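Bear in mind that the values in this text are calculations on the coordinates, not laboratory data. Note that this is a predicted model, so its numbers are computed, not measured. In this analysis, Cβ positions are derived from the backbone assuming ideal geometry, glycine residues included, and neighbour counts consider all displayed protein chains.
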Amino acid sequence: MTISLTVSAEVIDRVGLQEAAEFQARVTTFECVECGTAGDVRTGRAVVVLRASPGLSHLGVAHHRCADSQVREYEQGDLALAASTDLIPRAIALPGVQGIRPALLLAYEEQITITADGVPYDVTNLLVAEGLHRLPSLGKVPPASPGWSIHLGPHGDLRVNSPDRPFLTAGEVLAPPAWRALVEPVGKVALFVGSLRRDVLYAEHPPLAAYGRAMKTGSLVAGTVAILLPQARGLG
């Protein structure tokens, strides 16, 4: 079987050789970013197109007949996708000078543009407006974020709400027992929300150094959020 998916040097210079190679490896069928029709790199030639705007970008695939592999620049707010993406939750523990502290990470793949009612927006600006904070490093304890809430159900299910919307509903993630044991004595969690590279997002073990780099570049924002335990709601 022959797979033909071309990535130009221009695109590789922007996203890096590893990201370009990983993208090539996982693409088989696609929807052409130019004509909108289906394609398959196993049966026809295709190219990678990077659409980039400040804070948002998307690696897409086009038929060879429709475009060359290239970088296309967009102004702030001009880039959007037809579909939104899900936040991937991860219950983690962070080492620190005062011991291990619990944290909850909600992240989406950074190559995806998020839209609200079809209109693209800068997610981190939205999150800061809703009470989260930009921090220089993962090791710094985030300031409190009033209005945000994390609910821990009797069976370990988690729900997350901001002042304006639910970010995680019951049943989407179960907190492991060891993480719950960290949470219960302190009653609060460091919440991190934002975007990560695909390899970081889906890493088998939490790559804390990569999370720290994302904090430094502003891809993740954070807040200390009270967690409501089952006993506090009369469920224990």
When HIS205, HIS64, HIS58 are ranked with the fewest other C-beta atoms within 10 Å first, the list becomes HIS205, HIS64, HIS58
Please compute the net charge surrounding ALA38, taking Lys and Arg as +1 and Asp and Glu as -1 over other residues with Cβ under 15 Å from its Cβ. 0
The range 88-233: relative contact order from alpha carbon pairs under 8 Å, six or more residues apart, as a whole percent, is 33
Rounded to whole Hz, the Karplus (6.51, -1.76, 1.60) HN-Hα couplings of the range 98-106, x for glycine and proline: 9, x, 7, 10, x, 9, 10, 9, 10
May I ask you to derive the relative contact order of the range 5-73, considering only C-alpha pairs under 8 Å and at least 6 residues apart, and to give it as an integer percent? 35
